[in-house]
1. Rounded to the nearest 20 debye, what is the charge dipole size of the chain about its Cα centre when +1 sits on each Lys and Arg Cβ and -1 on each Asp and Glu Cβ?
2. Karplus couplings for the stretch 84-90 from phi (6.51 cos²θ - 1.76 cosθ + 1.60, θ = phi - 60°), rounded to Hz, Gly and Pro as x?
3. Let me check I've understood the local charge: for Val278, count other residues with C-beta under 14 angstrom from its C-beta, Lys and Arg +1, Asp and Glu -1. What total comes out?
4. If DNA, RNA and ligands are ignored and the probe is 1.4 Å, what is the ranking of Glu53, Glu44, Glu210 by accessible area, most exposed first?
5. Taking the dipole about the Cα centre of the chain, with the C-beta of Lys and Arg at +1 and of Asp and Glu at -1, give me whichever of Ala115, Pro142, Leu326 is farthest to the positive side.
6. Roll a 1.4 Å probe over the protein chains and send me the accessible area per residue for the stretch 178-289 in Å².
7. Over the chain, what is the relative contact order in percent, taking alpha-carbon pairs closer than 8 angstrom and at least six residues apart?
8. What does the charge add up to near Asp76, with Lys and Arg as +1, Asp and Glu as -1, over the other residues with Cβ less than 14 Å from its Cβ?
Amino acid sequence: MTAPLSQPFSIPGMLTDADAESAWIEVIRKMDETYANLVAQQVELERKNAELEEAQAFIASVLGSMTDVLIACDRDGRIEQTNPAAERALACTGRDLTGRPLRDFLDQASHAAFARLCSAALRREGGSDVELSLRGPTGPFPVAVNSTVRYDQRGHAIGLVLVGRPIGELRRAYRDLAAAHEGLKQTQQQLVHSEKMASLGRLVAGVAHELNNPISFVYGNAHAMRRYVDRMTAYLDRVHDGAGAADLAATRKELRIDRARTDVTATLDGMLEGTERVRDIVAELRRFSSEQKHASERFDMTALLRSAVTWVARAQMPDLTVVFDLPEALEIAGHPGHLHQVAMNLVQNAIDAMAGAPSKRLELHGREEDGRIVVTIRDSGHGIPDAILGRIFDPFFTTKPVGKGTGLGLSISYQLVHDHGGALTAVNHPGGGALFTLILPAAGCRQGAVQ
Ligand SMILES: Nc1ncnc2c1ncn2[C@@H]1O[C@H](COP(=O)(O)OP(=O)(O)O)[C@@H](O)[C@H]1O
Ligand SMILES: [Mg+2]
């Protein structure tokens with residue numbers, strides 16, 4: 001059977017037109033596919049590239065915003081990368097730095113330390129902190145450096161990463177701080193000194209006031225004595241001149257010799273009493289104002305309180321009513337000078353608070369209970385506002401104008417009482433005025449702080 005003529009003629013083994021066409025179509029399809037793959041790869045590559053650039057920009061911005069110096073070196077100590085802070089500090093561009101030994105930028109004194117860092121890196125030893133001195137454009141400057149070993153993907157140590165903070169600024173800041181601190185300490189010392197001077201001034205004024213009385217007494221009596229002596233001398237002169245009995249009797253009457261004779265003893269007694277009072281005041285002053293730091297002795301708190309009130313209050317507030325409710329003696333062991341200072345501070349504050357008050361009254365109560373001496377000092381002043389009650393013992397806290405108060409009296413007193421194993425507290429009395437309570441261990445009972 002023969003094939004119809006309309007059918008294409010084909011020889012077995014030979015490509016027909018249709019075969020060739022489909023082969024072409026296949027080729028073109030493959031080319032399309034390959035092209036599409038290429039385009040996809042290109043897009044992916046561009047995306048990765050963008051990501052990479054972003055990551056690089058991020059790292060660059062991190063490195064750029066670091067204020068610390070960052071230097072990456074290889075195992076031989078050659079610079080591989082630096083951050084802008086390092087470039088600024090060394091006054092070189094990154095390009096100039098790359099490949100150069102870091103040693104070139106180190107002060108001679110730091111060479112050994114850097115060599116140790118490099119050999120530690122070779123031994124794969126962990127991070128360490130050292131101080132290196134880098135050579136900047138204006139000379140060497142100290143840098144506190146943290147050094148860590150850098151590894152490659154296979155875990156081989158390939159270099160060092162040094163991160164350093166210039167500490168010149170820090171040192172300068174420390175120096176300024178130390179200077180400011182020193183200045184502050186001096187000011188504080190001056191204030192403490194001026195508080196001391198102020199209380200010394202008060203003490204001197206009080207003691208002068210106290211001495212005034214007996215001294216004027218002695219002075220007045222001495223004048224009287226002089227007059228008696230003059231009269232007696234005149235009489236004796238007449239006796240020595242051999243005056244007659246009648247003449248002598250008249251002179252004796254005229255010079256009031258008999259009166260002088262009886263008065264002399266009383267005048268001398270008065271002088272003696274006055275000088276004894278002066279002696280006692282001076283002894284009291286010695287006893288309660290001594291500056292021996294570590295002396296601890298037994299003394300009477302009642303006498304101490306009386307003297308503190310007398311010296312501070314009498315001269316400053318003559319119209320003050322003082323109520324002493326104190327036992328005959330309150331024996332205590334400690335530093336009388338310091339506790340006298342405490343008592344004077346408390347009395348002075350009470351006087352300050354009562355200035356201008358209609359009634360001026362100071363009450364001191366003292367008792368011994370359970371091995372403790374409890375003393376309360378109450379005034380009739382304006383009291384302590386609740387808002388500041390918690391701060392009055394703070395150093396330098398004062399509500400008084402400049403020149404009147406330093407704010408140190410109570411803080412020093414608190415410390416002195418504490419040093420004696422005692423306690424000092426303040427409240428407002430329900431009936432008005434401030435009430436300070438001083439608790440101290442009684443003599444022989446000083447075993448720790450008073451609660
Ligand atoms: N008896 C008192 N009555 C009222 N306020 C007082 C009394 N004692 C102390 N204060 C308050 O406590 C503050 C601190 O006292 P102080 O440390 O002695 O310092 P200064 O007397 O130099 O101010 C005083 O400024 C005052 O405000
Ligand atoms: Mg005071």
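1. Details: 49 positive and 56 negative charges, 453 e Å.
The calculated dipole for the chain is roughly 2180 debye.
2. Result, ordered by residue: x, 4, 5, 5, 5, 5, 9 Hz.
3. Around Val278, the charge tally is -2.
4. Ranked list, largest accessible area first: Glu53, Glu44, Glu210.
5. Leu326
6. Working: 7630 Å² over 112 residues.
Using a 1.4 Å probe on heavy atoms only, each residue of the stretch 178-289 averages 68 Å².
7. Averaging sequence separation for qualifying contacts and normalising by length gives 9 percent for the chain.
8. Taking every other residue near Asp76 into account, the sum is +2.
The values are calculated or read from the model by the stated rules, or taken from the named source; none is laboratory data. Keep in mind that what you see is a predicted model, and the values were worked out from it rather than measured. Note that we place each Cβ from the backbone using ideal geometry, even for glycine, and neighbour counts take in every protein chain shown. Just so you know, the surface numbers come from the protein's heavy atoms only, side chains and all, with ligands and any DNA or RNA stripped out. Shrake-Rupley method; radii C 1.70, N 1.55, O 1.52, S 1.80 Å.
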